[in-house]
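*Asks:* Here it is, the structure, as structure tokens.
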Amino acid sequence: MLDWKKASLVSLGLLSLAASLPLGARDRSAPRIDMAKARSKAAALVARMSPEEKVRLTWGIMPFSLAPNAPPLPVGVLPAAGFVTGIPRLGIPDLTETDGPLGIGYVMGLRGDYATAMPCAIALGATFNRQLSFAYGKAIGTEARAKGFNVLLAGGANLARDPRNGRTFEYLSEDPLLTGQMVGWNIAGIQSNRVVSTIKHFALNGQETGRKFVDVQISDKAARESDLLAFQIGIEIGQPGSVMCAYNKVNGEPGCASQYLLNEVLKRDWRYPGWVMSDWGAVPGLDAARYGLDQQSGAGLDKEVYFEKTLLQAALSDPAKMARLDEMNVRILTGLIATGVLGDPVAPGGQIDFAKHNDVALQSAEEGIVLLRNQAGILPLARDAKSILVVGGYADSGVLSGGGSSQVHNKGGPAITRVLMSQGAFASFTTEQYHRGAPLAAIRSRKPTGSVRFRPGRYASDAARLAAKSDLVIIFATQWMAEAVDVSDLGLPDGQDALISQIAAANPNTIVVLETGGPVNMPWLNDVAGVIEAWYPGQAGAEAIARVLFGETNPSGRLPVSFPASTADLPRTEVPGMIEFDPVLFGQQPDPGAKLYTDYNIEGSDIGYRWHARTGRAALFPFGFGLSYSTFEATGLATDGRTASFLLRNTGSRKGSTVGQLYLVKRNGVAMRRLVGFAKVELQQGEERQVKLKIDPRLLADWNGHGWSIASGTYEFALGDDAERIGAIKSVKLSSRNWRD
Ligand code: GLC
């Protein structure tokens, strides 16, 4: 059992070491934050605090009430996700905390404002574009500051272990390198506005079913080589001021009171200098402070406000607990000082260039669209198509968005809201909402001549009859996902699969536009001519979809997650607990006796494409897959195992972007698949570009229990069009190497 004295000494001691050492082998091209200087200023401030002041920053409220008899809000507090009282005497501001990773959360319209509704995170992941991720983060961080928020609860970095996870849309990918780099650059963009970004939910938060009590079983090795590596890379690049711990347990320890995750991995091994905030209603008790938690968020959702009077009394009675309380404050202030929040107060009413942010939303949506099928070049659409039938997906009204705390309202609010759970205080969090901006209008605007008709798709027979009389059909198919609830399977809900099959039987010139939060099965795939995956494309989604359909932009997205041919090909045929338990929403406390286990040791660190490689079961569409209106080739791979170079060439007839993907495919004769580098490049017709990239040695290594080991021997690399279609092998001899982070 870890005692308080040891907990504070371990963290304080290593923290000072951390202050002087950079975080790991960081991508040096990202903006740097000087954590060392911040920490010394933080310590000086804490030394001036009274004991009572030391339990101001350590807890916060959710400044809006869902319970009918909730106490009134403190005066002047913005309704949003969180609020922490500051210490004006010391120049420490209130912490005004807002969601989320996709833009400024609308919290049920309580503020009456709007924000730029960005494409969902998996769409951003599909861009494979680090600089765009930075621009996306910069835009939402600007809006946070302008609206008076100094903490943005963003940086969703959980890996898509199970594509049925209801928050798959909020996360970037199934791969640790892609997720780590994209989330790191996104956080750097957010924090360039002198606001704090979180990275969340630390860690292994891989399903929503039973999220407040599911107990993830996983070995240290498997965790370090997958989910933890994604967070580690993201923290190295983005240097988030705060880490948000997760609801779920890991090997029996609650995510927000985890000696393993918080004190050992994050603070001891990674020497993380910022603060750990809880998720909302995720704090099991006062002892969470001993096990690495620095701040209790949304304390009203817990059984008690542990981190105020109770914590103060404990600290006054025991010097070791007072030392730990000091360190909690040092960490919070280090994050605030390092990101520039201290000394540059935020205030509502700042200027926002919504037109500029819409451009970022449009580019992110466009570059996130993945062209999956294009038979006989049916795309881009022939402008002389005389009659087009558009069906389904509320395409006459808007584009789908994901539910839960990340929900954003752009100007005018949603065009459509489908109530799915109309009871209870949190019902508004679980409504299916469509952002304004209708794909049908965007299509019609490009078809001045000829007819473009629409059918909602409620009656397949009606749509099929009309399809038979049309030159071509564009079907919009939706899969709504939301926080707190997983999807039961990967079929399209509401009979859409049958609708698509019936329409395609009537007219094979059918194109399916998917607005999904993650992978879906496609039983109709061979019956249709074209498929594009648009995900939840945000407020500019209609325009982005039309620009791709009509060839105004060349699709360049690549799948950040594998699309399995069947859920039978996944490590778990069911989401554990889906039958036994109902969704546990924000304010609800789960049944104290509830027990649920999920065993991630089945796949270990072989998530997604790595699992397909290990089992030999090909994906319907593999990680990294994406077609273009051009063709490209990747040749001339040269590597020494530390760096690599290769040539990308546009062999097509128009400008386009491609993603060079470098994979480790064999290690000492053992076949495997690990993405070890990627580069997105835009090329004119006929243009070629030499690409150079560094290989993070952790991707070649095994976690050995206290560090990384590369065994001597032969390592084989190849360029891939995706994780399954790889080119010529390049073998490299590497000598053994052991090191600590
Ligand atoms: C939620 C989410 C978290 C969000 C927080 C505040 O439960 O898990 O992502 O930031 O509460 O809304």
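A short reminder: the numbers here are calculations on the coordinates, not readings from a lab. In this text the structure is predicted, and so the values were computed from the model without any measurement. For neighbour counting, all protein chains shown are included, and Cβ atoms are generated from backbone atoms with ideal geometry for every residue, glycine included.
*Asks:* List Thr639, Thr430, Thr615, Thr339 from most exposed to least, where exposure is judged by having the fewest other Cβ atoms within 10 Å.
*Replies:* Ordered from fewest to most neighbouring Cβ atoms within 10 Å, Thr639, Thr430, Thr615, Thr339 come out as Thr615, Thr639, Thr430, Thr339.
*Asks:* Here is a follow-up. Estimate the FRET efficiency between Thr449 and Glu682 by the formula 1/(1 + (r/R0)^6), using the beta-carbon distance for r and 45 Å for R0, to the nearest 0.05. Could the numbers behind the result be given before it?
*Replies:* Numbers: r = 32 Å, r/R0 = 0.72.
So the FRET efficiency works out to roughly 0.90.
*Asks:* Let me ask something additional. Could you pull out every residue, at least 5 positions away or on a different chain, whose amide H is within less than 5 Å of the one on Val390? Hs are placed 1.01 Å off N in the peptide plane, and Pro or chain starts have none.
*Replies:* Arg453, Phe454, Arg455, Ile474
*Asks:* Taking neighbour Cβ counts within 10 Å as the exposure measure, how do Leu440, Leu261 sort from fewest upward? Each step should come with its number before you reach the end.
*Replies:* On the way: Leu440 22, Leu261 28.
So the ranking, lowest neighbour count to highest, is Leu440, Leu261.
*Asks:* In percent, what relative contact order does region 59-203 have, based on Cα pairs under 8 Å that are 6 or more apart in sequence? Write down the numbers at each step before the final one.
*Replies:* Numbers: 278 pairs, mean separation 33.4, N = 145.
It rounds to 23 percent for region 59-203.
*Asks:* If you take the charge dipole of the chain about its Cα centre, with +1 on Lys and Arg Cβ and -1 on Asp and Glu Cβ, which of Tyr536, Thr168, Leu693 is farthest toward its positive end?
*Replies:* Leu693
*Asks:* Label 7 Å along Cα→Cβ of Ser461; region 501-517 residues with amide nitrogen under 19 Å?
*Replies:* The answer is 501-507.
*Asks:* Now, a different point. For a quick check: with amide H placed at 1.01 Å from N, whose amide H comes under 5 Å from Arg674's, ignoring anything fewer than 5 positions away on the same chain?
*Replies:* Amide H neighbours of Arg674, under 5 Å, 5+ apart: Leu664.
*Asks:* How high is the relative contact order of the chain, given as a whole-number percent (alpha carbon pairs under 8 Å, six or more residues apart)? Write out the running numbers ahead of the final one.
*Replies:* Values: 1919 pairs, mean separation 111.7, N = 741.
Reported as a whole number, the value is 15 percent.
*Asks:* Nearest 10 degrees, 0 to 90: what angle lies between the long axis of helix 319-339 and the longest principal axis of the chain (Cα atoms)?
*Replies:* Taking Cα atoms only, the helix is inclined about 40 degrees.
*Asks:* Relative contact order for region 622-687: what is it in percent, counting Cα pairs under 8 Å that are at least 6 residues apart? Write out the running numbers ahead of the final one.
*Replies:* Working: 113 pairs, mean separation 19.8, N = 66.
Relative contact order here is 30 percent.
*Asks:* Report, for region 65-203, the % of DSSP beta bridges that are antiparallel, rounded to 5.
*Replies:* On the way: 4 of 10 bridges.
DSSP beta bridges in region 65-203 are roughly 40 percent antiparallel.
*Asks:* Which of the three applies to region 397-504, rounded, prolate or oblate, going by the alpha-carbon gyration tensor with a ≥ b ≥ c and a/c under 1.5 meaning rounded? Mind showing how you got there, number by number?
*Replies:* Details: a/c = 2.86, a/b = 1.54, b/c = 1.85.
Since a/c reaches 1.5 but b/c is at least a/b, the shape of region 397-504 is classed as oblate.
*Asks:* Kindly write out, for region 237-242 in residue order, the coupling ³J(HN,Hα) from the Karplus curve 6.51 cos²θ - 1.76 cosθ + 1.60 (θ = phi - 60°), rounded to whole Hz, with x marking Gly and Pro.
*Replies:* 7, x, 6, x, x, 9
*Asks:* Related question: Between Lys303 and Arg654, what is the label-point separation in nm under the 7 Å Cα-to-beta-carbon projection?
*Replies:* Once both label points are built, they end up 6.2 nm from each other.
*Asks:* Now a separate question. Nothing charged except the Cβ atoms of Lys and Arg (+1) and of Asp and Glu (-1): what's the magnitude of the dipole of region 373-457 about its Cα centre? Round to the nearest 20 debye. All intermediate terms of the calculation are to be shown ahead of the outcome.
*Replies:* Numbers: 11 positive and 3 negative charges, 78 e Å.
So the dipole magnitude of region 373-457 works out to roughly 380 debye.
*Asks:* What are the residues whose amide H is under 5 Å from the amide H of Ser562, where those residues sit 5 or more places off or on another chain and H is modelled from the backbone?
*Replies:* The list, which skips near neighbours in sequence, is Tyr609, Phe623.
*Asks:* Compute the acute angle (0 to 90°) between the alpha-carbon long axis of helix 130-146 and the principal axis of greatest extent of the alpha-carbon atoms of the chain; round to the nearest 10°.
*Replies:* So the inclination is approximately 60 degrees.
*Asks:* What are the equivalent ellipsoid semi-axes of region 582-741, built from the alpha-carbon gyration tensor (square roots of five times its eigenvalues), in whole angstrom, biggest first? Could you put the intermediate results ahead of the total?
*Replies:* Values: eigenvalues 228, 120, 41 Å².
With the √(5λ) rule applied to region 582-741, the semi-axes are 34, 24, 14 Å.
*Asks:* Can you give me the angle between helix 4-20 and the longest principal axis of the chain, using Cα atoms only, in degrees from 0 to 90, rounded to the nearest 10?
*Replies:* 60
*Asks:* Please list the radius of gyration and Dmax for region 616-675, considering alpha-carbon atoms only, with Å as the unit.
*Replies:* Considering region 616-675 through its Cα atoms, Rg and Dmax are 14.1, 41 Å.
*Asks:* Could you line up Ser242, Ser470, Ser645 from fewest to most neighbouring Cβ atoms inside 10 Å? Could the numbers behind the result be given before it?
*Replies:* Values: Ser242 29, Ser470 24, Ser645 13.
Least to most surrounded, the residues fall as Ser645, Ser470, Ser242.
*Asks:* Same structure again: Given the options Pro622, Gly652, Asn668, identify the residue whose Cα lies farthest towards the positive end of the charge dipole of region 593-671 (+1 on Cβ of Lys, Arg; -1 on Cβ of Asp, Glu).
*Replies:* Farthest towards the positive end: Gly652.
*Asks:* Unpartnered cysteines of the chain (Cβ-Cβ under 4.7 Å counts as a partner)?
*Replies:* Cys120
*Asks:* Using Cα-only point scatterers and the Debye equation, what is log10 of I(q)/I(0) for region 201-316 at each q in 0.14, 0.16, 0.19 Å⁻¹, rounded to two decimals?
*Replies:* After summing over all Cα pairs, the log10 values are -0.54, -0.70, -0.98.
*Asks:* Per residue and in Å³, how big is the convex hull formed by the alpha-carbon atoms of the chain? Please list the in-between numbers first.
*Replies:* Details: hull volume 105.2 nm³, N = 741.
Normalising the Cα hull of the chain by residue number yields 142 Å³.
*Asks:* May I ask you to evaluate 6.51 cos²θ - 1.76 cosθ + 1.60, the Karplus curve with θ = phi - 60°, for each residue of region 431-436 and list the ³J(HN,Hα) values in order in whole Hz, giving x for glycine and proline?
*Replies:* 10, 7, 10, 10, 5, 4
*Asks:* Given the chain, what percent of its DSSP beta bridges are antiparallel, to the nearest 5?
*Replies:* Numbers: 64 of 106 bridges.
Rounded to the nearest five, the antiparallel share is 60 percent.
*Asks:* Suppose R0 equals 35 Å. What FRET efficiency, 1/(1 + (r/R0)^6) with r the Cβ-Cβ distance, do Ser731 and Lys411 give to the nearest 0.05? Spell out each step's value before the answer.
*Replies:* Details: r = 56 Å, r/R0 = 1.59.
FRET efficiency, Ser731 to Lys411: 0.05.
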